[in-house]
Structures are given as C-alpha cells and as structure tokens.
Amino acid sequence: MTAANEAKGILERLGGGGPIWSSDGLEVRSPIDGSTAGRLAETPDLDPVVARSVEAFRAWRRVPAPRRGELVRLFGEELRAAKDDLARLVTLEAGKIVSEGLGEVQEMIDVCDFAVGLSRQLYGLTLPSERPGHHMRETWQPLGPVLVISAFNFPVAVWAWNACLALVCGDPVIWKPSEKTPLTALATQAVFERALARFGDAPEGLSQVVVGGRDAGEALAADPRIPLVSATGSTRMGRAVAQTVAARLGRSLLELGGNNAMIVTPSADLEMAVRAIAFSAVGTCGQRCTSLRRLLVHESVADALIARLKAAYETLSVGDPREDGVLVGPLIDADAAETFDAALAQAVGQGGEIVAGGARLNRDGVYVRPAIVRMPAQTAVVEHETFAPILYILTWSDFDEAVAMQNAVPQGLSSCVFTDSVREAEQFLSAWGSDCGIANVNIGPSGAEIGGAFGGEKDTGGGRESGSDAWKAYMRRQTQTVNFSSALPLAQGVRFEV
C-alpha cells in the first residue's frame, strides 16, 4: 500500500471520509514515496462558511467560559483516544518521523489541558476611580470568528494552539490548512466532532475546515466578518495577509519565518551542544520555523565542534520516517529540494565550504543528506531562511560580536547560547542581548513547550500563540465604569452645568 493510500484509510477510520473526493480538486500526496491518493473537493463557496461562523458566535459568546472549557476537555479526551491514528497521519502526510508525529498530537492534548484551566482564568482588573461613588473595571469579551491559516510542517498542533484558546474565549474557528496537508485537518475535525456530539448543545459552525489553495486563504482574510486572522507560514505569506487584514482594520496574529542561531562559547559543554544541534538542525528535515540555521562558534572551539558534528551527521539515518531508527524523513516536495540545492550552490559561490551532507538520495520521495556549510561571513544566503536542513557555521572572537551577528538578520524567532558562564548567559538574556521572541540557555532553539507564549519579532511577525497571556489576542478589552452614587461628577475636575 502506498503512503498516500494508507493516509486515506486512516482518515476514513477516524470518520473524516465521506463525499470529499473529486476528479479535479486538490491533489493529496505523501512526501514519503511521492504517491497520491486522489483529489479532494475544494470548498465551493466561502460565504456560507463565514455566515455559519458568525451565527455560531452569537450563540457561543453567551455560553459561560467554564462550560466552553468543557468542550475543549472533551476534545482532549478524544485526541487521547485517536492519538496513534492521528500521529500516523501526520507522519504520512507531512513526513515526520514517528516520535515527532506522536509529539505533535501530544502537544494538542497539552494545549487542551492548558485551555481548560484557562477557561476559569480569563481575568480582568478592578481599577480605582478618581470619582466618588464610581467603580471601574477592565474585562475581556469574546471577539468573533477566528480564521486560522496553518502550515504543512505542524499540520495540527498550531491549529490547536489557536483553536483551543479561541474556543474557551468564546470564538468560533475557521481553519484553512496548507494545501499540502489537508487530510490531517479533516481528521482533526472528525475527532473534534466526536467531542461536539458528547458536549450536546454547541452551535453549528463552531469549527469548520476550508479545503483550498491560496485563493481561499486570501478571500477569507479579506472578509470583514472575521475580526482576527492567525497565520503561520512564510514571511512573504505573512506580509500579504497583514496588508489584506490591515486594509479593513482587522487584527492579524502572525507567526512567520525564523533564522535561528546558537552561540557556542569556549566554556560550553560540547557533547551536549552536539546533541542539541543535531535535533535542532535536522529534526523534521530542517522544516521547522525554529530549526537551527546558524551556528556561531568561538574560534577556539570551532574545529573540535565541527569534527564532532561531522561525525554525528555521518550516523544520521535518512529514510522512510515510519521505519525504526530513522531520524530524518523527506522534504515536503520537489520544490523544497530545489531550494535546498540552490541554497548550497549560493553558499559555495559566496565562499562557503560544504563540510558534510548536501546530496540527494536516489529513491521515491524527496530525501537529502542534511548539510553543514562553513561560511567565511554572514553572507546573503545565510541571512535568508532556507526551509531545509542546512546548517551554516561561522566563527567569532568576542561575545558582543557573536550577539550582534545573531541579531543581524531580518528574522527574530528563536535563539540560544551554550555556555557555563553566568555573565554570558545573563547578557544573552538581557535587553541588549538576543532580540528574539524566544531565548534559551543550554538548550537548542527548537522544541518549545506550550506553557510559554510562542512567537518572535521583526520579520517573524510579532504574534504570540499558545501559553502565557496569548489568549488576549482572541478577545476584546473593555473598560467599564459604574456610577453607583446619586451625583454625576466628571473626570479631571471638569465642570459642565446645565
């Protein structure tokens, strides 16, 4: 059985089959072997989708937040029951190794747990009023339908970050998944509908999936009935979404590209650094927004670290991600491989030396050997994010120079330093240290936990998803003043007698 047909079978087992196939719709393909399972019918008309979401909002905002949390709790239970199947589908459609597919579904379960607790903690403030007999408070109210545009590399977890928070905040969700991974979205919707059936009285249209390409995402982003658009993907895509949404004065929550660096100092534990580098640079075949792209190593330890890395890369098993022992699966498609080849050619043209990897494997699917390239400087190709397993190595002699080099790229998502120096660690975390949304000490830049707000600065878009107070993006803030006196004093001592 081909990988794509196996994926189709799992979707049907999860309840997401039915009349969804077409002769001329969106092609469903697995990167594992390049196989296809047919074409999905694209959503024919977007207006009824948005209209249902608007109607669902009118009802859902009246449901108490803890009750809304009960739906998410039930969804978490259904995800636990479907974890193996859904994770297998992630592997088949996105090409992740088995443990990463399981980890992604676990991330969905974890964010369900977080959101359930959050449903009883949508705290506002009480504020002192300068006027006698007045009470001021700040509350958070449901916002409205939320559009989630997700990327292929995390086909279900990022939707869950948004959807679970949006649902407990009182907002319906419209999901436009990547056209490269639509089956995982349909499967997740089927699992969610099981939770809806157990919940009993949720409005129709609370969660909907739109199957389509770029045109569908653009049309939904332009719809004024959708107050918030959360988009995950490339910086190019994010700029287009931001301009479309801003033109109608809507809100956008953007989680875009990353060009993440690790600084390795002379005092670093090199063995631990090698393990962190290997996962961060080649996990998901280098197709994470938090993947390690730039390794900034002190000149005194560079040769020793490169030798260890080269040896580690030579042991990496590249192949079918379903097989035991495989650590690196396929790139998502042929376009990704062409980008990989082009970036390596540019790196060599800009003075780089390929230290390890860089070749394609001759087999069905798109497989490459993760590459290490030693660069003479942070050239144009290094400053550009290539969504593939290429690790650029640069050296430095002064710690301030290393931090400046890390910050001197357009993106600002994740960053890390390996050091045993408290001074270096604290400087890296200071206001004049890393300029990224995520900064780590002695762990890699990839693999964030759901409890912290996830996102970055500059070309990464500035959005925050998942933990901490990211929930506020899905609500509207309202300042309320109540006069319980028999007088009507004005603020700031203004007098206006009539």
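Please compute, for the alpha-carbon atoms of the chain, the extent along each of the three principal axes and give them in descending order in Å.
Taking the Cα atoms of the chain, the three principal extents are 81, 59, 38 Å.
Taking just the alpha-carbon atoms of the stretch 177-229, what radius of gyration and Dmax come out, in angstrom?
13.1, 35
Compute from the Cα atoms of the stretch 284-383 the Rg and the Dmax, the latter being the longest Cα-Cα distance, and quote both in angstrom.
Rg, Dmax (Cα atoms, Å): 14.0, 42.
At what distance in angstrom do the alpha carbon centres of the stretch 142-166 and the stretch 85-106 lie from each other?
18
What translational diffusion coefficient, in µm²/s and rounded to a whole number, does the Stokes-Einstein relation yield for the stretch 1-107 at 4 °C and a viscosity of 1.567 mPa s, taking the hydrodynamic radius as the Kirkwood radius over Cα pairs?
Stokes-Einstein gives a translational diffusion coefficient of 80 µm²/s.
Over all distinct alpha-carbon pairs, what is the Kirkwood Rh of the stretch 336-459 in angstrom?
Evaluated over the stretch 336-459, this radius sits at 16.0 Å.
From the P(r) of the stretch 199-274, can you give the percent of Cα pairs sitting at distances over 22 Å?
For the stretch 199-274, the fraction of Cα-Cα distances above 22 Å is 46 percent.
Counting only heavy atoms of protein chains, what accessible area per residue, in Å², does the stretch 352-498 have with a probe of 1.4 Å?
I get 49 Å² per residue for the stretch 352-498.
For K83, list the aspartates and glutamates whose Cα falls under 14 Å from its own Cα; do not include residues on the same chain fewer than 8 positions away.
Correct list for K83: E100, E104, E107, D110.
Would you mind checking the radius of gyration and Dmax of the stretch 418-475 based on alpha-carbon positions, in Å?
Both quantities, over Cα of the stretch 418-475: 13.0, 42 Å.
Please enumerate, by chain and number, the aspartates and glutamates with C-alpha under 15 Å from the C-alpha of K458, excluding those fewer than 8 residues away in the same chain.
Of all the aspartates and glutamates, those that pass the test against K458 - Cα under 15 Å, at least 8 places apart if same chain - are E255, E383, E385, D435.
Over the stretch 165-320, what per residue volume does the convex hull of the Cα atoms give, in whole Å³?
Values: hull volume 28.1 nm³, N = 156.
In the stretch 165-320, the Cα convex hull volume per residue is 180 Å³.
Put +1 on the Cβ of each Lys and Arg and -1 on the Cβ of each Asp and Glu in the stretch 358-443; which of V422, Q411, A380 then has its Cα farthest toward the positive end of the dipole?
Farthest towards the positive end: A380.
How far is helix 98-118 tilted off the main Cα axis of the chain, in degrees rounded to 10, range 0 to 90?
With rounding to tens, the tilt is 20 degrees.
Computed over the Cα atoms of the stretch 37-76, what is the ratio Rg over Rh, Rh following Kirkwood?
1.19
Over the Cα atoms of the stretch 60-172, compute the convex hull volume and normalise it per residue, giving Å³.
About 115 Å³ per residue, rounded to a whole number.
Considering only the chain, what is the antiparallel percent among its DSSP beta bridges, to the nearest 5?
Restricted to the chain, the bridges split so that about 40 percent are antiparallel.
What angle do you read, to the nearest 10 degrees and between 0 and 90, between the alpha-carbon axis of helix 65-94 and the longest principal axis of the chain?
Helix 65-94 sits roughly 20 degrees off the main axis of the chain.
Rolling a 1.4 angstrom probe over the protein heavy atoms, how many square angstrom per residue are accessible across the stretch 135-217? Don't skip to the answer; put the middle values down first.
On the way: 2010 Å² over 83 residues.
Roughly 24 Å² per residue, with all protein chains present.
Report, to the nearest whole %, how much of the accessible area of the stretch 290-431 belongs to carbon and sulfur atoms, 1.4 Å probe, protein only. Write down the numbers at each step before the final one.
Details: 2750 of 5830 Å².
C and S atoms contribute 47 percent here.
The values are calculated or read from the model by the stated rules, or taken from the named source; none is laboratory data. Because the structure is a prediction, the values reported are computed rather than measured. With ideal geometry, Cβ positions are generated from the backbone for all residues, glycine too; neighbour counts draw on all protein chains shown. What goes into the accessible areas is simple: the full protein's heavy atoms, side chains included, and nothing from ligands, DNA or RNA. Shrake-Rupley method; radii C 1.70, N 1.55, O 1.52, S 1.80 Å.
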